[in-house]
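My questions will all concern the structure given below.
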Amino acid sequence: MKKYPFSNKAVKAMLAATIMFAPVAPTSGLLGETTAEASAITGTTCDAIDRVTLIYSKFNANEMALYDRARDGLASENFDWSMVLDSTVKANLNTALSPVTAEGMAKKFAEIIYNPNADQLKTSYSAFLSSAEGSKFESVMGSGTTDTILKFFVDAERALWDVGAGALLSGDLQSIESLIAGIQADLLNDPEYAALNSKLYQVMGTDLEGLYAMKDKINAELVDNGVLTVNEVTELRNAFVDAAWRAGEPADPSSSTRDCSLTPPPVTPPLNPPAPGESNNITLPEQAAEVVKEKNPSGRVEVITKIFAEKVDEIVGLITQEKDSVQVKLEKPAVGEAAKAQIPAGLFTKAALKNGKAVVEVSTDEASYKLPAAQIKIADLASKLGANEQDVQIVIAVNVVNETDVKDSVDKNKLKLASKVIEFTVTAEAGTKTEPVSKFSAYVERDITGEYDFDKENSAAVRLNPDGTISAIPTLFNGKTATVKSLTNSKYTIVENDKTFTDVKSGWAQEYIETLGAKYIIQGKATGEFEPGKHMTRAEFAVLLVRALGLPTEQYDKSFKDVLGIEWFAKNGELTAAVKYGVVQGKLDGTFAPNEKITRAQAAAMVERAMKISFVEYDFSQLDKTKTLNDFKDAKQVGSWAKSGVEAVYQAGIVKGKGDGTFNPNGYTQRNEMAAILANFLVSAQLLDDTFSK
């Protein structure tokens with residue numbers, strides 16, 4: 001066995017380089033720490049199918065859509081497989097596999113690995129073996145060769161996890177290429193893999209390492225054909241890395257009998273979870289920070305809690321799997337002053353390496369801000385600042401806003417404040433240069449404290465936007481604490497909003513409608529009515545999901561042929577946000593059909609896509625797997641495109657069947673029904689308190 005000291009950047013780069021189904025080999029990212037040894041563990045094709053299907057299950061809807069485009073691009077007649085194959089390999093394969101061609105062989109093999117569904121994987125695997133190309137390949141290379149290749153790839157990832165768990169923060173760094181080669185060398189000590197490598201070289205003129213290299217050529221051809229842009233290749237690359245990391249360590253194949261079904265492993269609690277009442281907080285060590293007062297360029301006095309760079313390693317050393325929240329308490333500023341923390345960028349980098357869920361929490365008496373360390377991309381910020389990473393400071397400010405400064409916005413929106421208005425900002429600084437950090441790829445939680453217990457049903461968190469409007473933000477309430485989940489920084493406050501509608505005085509859906517109205521998710525009509533019995537449109541539900549999830553709006557990008565961008569659902573950016581985060585995908589003809597009535601199957605599909613957005617972190621283990629689509633008399637009427645969505649929302653208890661035992665997938669959805677669906681989804685996703693009696 002061989003030990004590999006290497007950087008965490010190299011670890012994650014290696015991670016997807018060894019994922020057999022990833023069309024790209026990533027070159028950046030971060031993982032965990034300590035030391036370990038690589039070991040070859042013989043896997044099975046079943047392991048491979050199990051493992052990669054689990055990885056794909058961690059994709060969000062947008063990432064999956066991007067991956068689907070790549071897969072469809074490979075199947076296109078325009079894709080030139082001759083460009084993927086080295087000329088020597090192509091000549092050798094054409095000779096060895098005649099009458100089938102090298103290009104046909106490459107395309108057939110790709111059909112196995114570009115299927116994210118377990119059943120499709122098993123089907124395409126069997127189809128390959130029975131095809132002319134597969135049969136010829138097996139006859140030339142030897143029976144079971146395809147199986148051995150798949151085993152090698154899944155073992156490579158498993159071996160990488162053994163090494164990756166032991167990544168060092170510093171040391172005698174080696175190149176990524178040599179590290180991958182080292183892992184492969186260990187695996188090739190296995191006689192089966194050594195024989196495979198030799199046979200591949202003998203027949204094809206390349207080896208297993210050469211198969212890895214083909215991924216870069218596949219990417220280049222996808223870009224040349226206009227299937228993906230260079231930036232989208234990078235996005236897809238990072239998606240594979242993050243999905244593999246979220247999927248967790250591959251299971252030991254000897255631990256149980258595998259059936260190749262998509263069954264994510266159960267969530268395992270930490271070995272030493274905090275005892276009841278025990279906190280996961282980490283207090284700063286003695287002499288780790290100083291508090292100073294300085295005037296900013298505008299002349300305002302700032303009370304700054306500065307963490308010393310030389311204390312970073314000591315602070316990071318306190319982080320464990322159970323204790324992952326570094327606490328920074330700000331000094332209370334005097335009237336007219338502002339408070340903030342100045343933290344060396346290295347603390348975020350090293351904290352994320354030590355524990356991927358590490359948080360830096362900056363707090364005051366009125367609020368706290370829980371910033372995931374992994375959300376601060378130091379290399380990118382240093383590049384924008386034109387500075388070295390070690391010279392970058394991350395400045396986090398949490399301050400009460402003077403009510404006179406927001407009076408116009410409060411009055412315009414008729415807000416009844418239930419807390420102070422708090423402004424949260426994050427800035428990267430190096431010398432005199434600054435770079436704001438205002439958007440994140442995951443929810444950043446912030447707690448706002450009130451003087452009295454909040455009314456869960458009628459209280460809501462809102463973001464005060466610069467243009468005077470407000471936005472609803474997902475929030476959970478617990479006594480005097482409101483936990484706000486937002487993807488952006490700005491000014492936030494808690495308000496009380498007892499919302500009623502003139503045409504909703506009773507009925508089974510009243511509490512759903514009024515609660516969502518109180519949260520500023522449902523707004524109703526200008527007349528004060530909600531029109532509960534009217535059918536909802538595709539555009540209306542897309543906007544509701546955007547509001548409910550607190551998605552940042554985006555300028556309309558002309559995604560659809562039938563949307564100009566001046567419509568009510570597009571002009572403020574809601575539709576583009578729904579597209580960006582994968583909630584809506586449109587029709588095959590390039591239209592969105594915004595005014596079409598939304599069917600129950602379409603609504604289920606949109607909700608499932610929302611469930612799969614990575615930052616929602618939906619707990620799919622709560623689904624009742626005893627429920628299946630076949631429970632409904634009209635299961636066969638559910639289109640293939642909607643089956644997984646209908647089953648997911650049914651298992652989650654978000655949508656129920658009809659009283660006659662049907663799901664009625666093609667039936668239209670009334671506005672009162674949609675209120676219940678949306679509320680049930682938000683409660684099950686832990687984005688809304690369950691205050692409903694039904």
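Might you work out the accessible area of Phe79 for me, using a 1.4 Å probe with all protein chains in place, and round it to the nearest 10 Å²?
10
What distance in nm separates the two pseudo spin-label positions at Ala334 and Lys627, each 7 Å out from Cα along the beta-carbon direction?
Using points 7 Å along Cα→Cβ, the separation is 6.0 nm.
Taking a virtual spin label 7 Å from the Cα of Asp453 along the C-beta vector, which residues in segment 656-694 bring their backbone nitrogen under 18 Å of it?
689-693
Here is a further query. Mind checking the alpha-carbon convex hull of segment 447-502 and giving the volume per residue in Å³?
For segment 447-502, the hull spanned by Cα atoms encloses 94 Å³ per residue.
Right, here's the next one. Along segment 561-566, what does the Karplus equation 6.51 cos²θ - 1.76 cosθ + 1.60 (θ = phi - 60°) give for ³J(HN,Hα), rounded to whole Hz, x for Gly and Pro?
Per residue, the Karplus-derived 3J(HN,Hα) values read 5, 9, 10, 7, x, 9 Hz.
Hey, another quick one. Of all the accessible heavy-atom surface of segment 514-585, with the other protein chains kept in place and a 1.4 Å probe, what percent is carbon and sulfur?
In segment 514-585, the share of accessible area belonging to carbon and sulfur is 50 percent.
Another one. What lysines sit close enough to Lys108 to cross-link, taking a C-alpha to C-alpha distance under 16 Å and skipping anything fewer than 8 places away on the same chain?
The qualifying lysines are Lys90, Lys122, Lys136, Lys215.
Report, to two decimal places, the Cα Rg of segment 564-660 normalised by 2.2 N^0.38 Å (N = number of residues).
1.20
Further question: Give the long-range amide H neighbours of Thr537: residues separated by 5 or more places, or on another chain, with amide H under 5 Å away, using H modelled in the peptide plane at 1.01 Å from N.
Result for Thr537 returns Ile598.
If you don't mind, there's one more thing I want to ask. Return the loop-located chymotrypsin sites (Phe, Trp or Tyr not before Pro) in segment 394-462 (DSSP other than H, G, I, E, B) with at most 11 other Cβ atoms within 10 Å of their own Cβ; answer none if there are none.
Those that pass, being in a loop and sparsely packed, are Tyr452.
Residue by residue through segment 128-139, what is 3J(HN,Hα) from phi via Karplus (6.51 cos²θ - 1.76 cosθ + 1.60, θ = phi - 60°)? Round to whole Hz and write x for glycine and proline.
4, 5, 8, 6, 4, 5, x, 4, 5, 4, 5, 5
Report the label-to-label distance for Ile566 and Asp80 in nanometres (one decimal), using points 7 Å from each Cα along the Cα→Cβ vector.
The modelled label-to-label distance comes out at 4.4 nm.
Any idea of Trp641's accessible area? Nearest 10 Å², probe 1.4 Å.
Trp641 has an accessible surface of roughly 150 Å² with all protein chains in place.
Given the protein chains as shown and a 1.4 Å probe, how many square angstrom of Val683 are accessible, to the nearest 10?
Counting only protein heavy atoms, the figure is 40 Å².
Continuing with the same structure: Counting Lys +1, Arg +1, Asp -1, Glu -1, what net charge surrounds Lys587 among other residues with beta carbon under 12 Å of its beta carbon?
-1
Largest first and in whole Å, give the semi-axes of segment 394-547's equivalent ellipsoid, each being the square root of 5 times a Cα gyration tensor eigenvalue.
Working through the eigenvalues yields semi-axes of 31, 18, 14 Å.
Can you give the translational diffusion coefficient of segment 353-446 in µm²/s, computed by Stokes-Einstein from the Kirkwood radius over Cα pairs at 10 °C and 1.306 mPa s?
Taking Rh from Cα pairs, D becomes 104 µm²/s.
Let me ask you something else. Check Phe454: other-chain or 5+ apart residues with amide H under 5 Å from its amide H, H built from backbone geometry?
Gly479, Lys480, Thr481
What does a probe at Thr283 reach in segment 311-343, counting residues whose amide N is under 18 Å from the point 7 Å along Cα→Cβ?
314-320, 323-332
Using a probe of 1.4 angstrom, how much of the accessible area of segment 379-440 is carbon and sulfur, in percent?
Accessible surface attributable to carbon and sulfur in segment 379-440 totals 43 percent.
If you count only protein heavy atoms with a 1.4 Å probe, what accessible area per residue comes out for segment 579-694, rounded to a whole Å²?
45
Shifting gears a bit: Through the Karplus equation 6.51 cos²θ - 1.76 cosθ + 1.60, θ set to phi - 60°, convert the phi angles of segment 430-437 into ³J(HN,Hα) values in whole Hz; use x for Gly and Pro.
8, x, 9, 8, 9, 9, x, 10
Still on this structure: Averaged per residue, what accessible surface does segment 277-411 expose to a 1.4 Å probe, in Å²?
49
The values are calculated or read from the model by the stated rules, or taken from the named source; none is laboratory data. Predicted model, so just to flag it, every value in this text is computed and none were measured. Don't worry about glycine lacking a Cβ; one is built from the backbone with ideal geometry, like all the others, and counts go over all protein chains shown. Heads up: the accessible areas ignore ligands, DNA and RNA and are worked out on the full protein's heavy atoms, side chains in. Shrake-Rupley method; radii C 1.70, N 1.55, O 1.52, S 1.80 Å.
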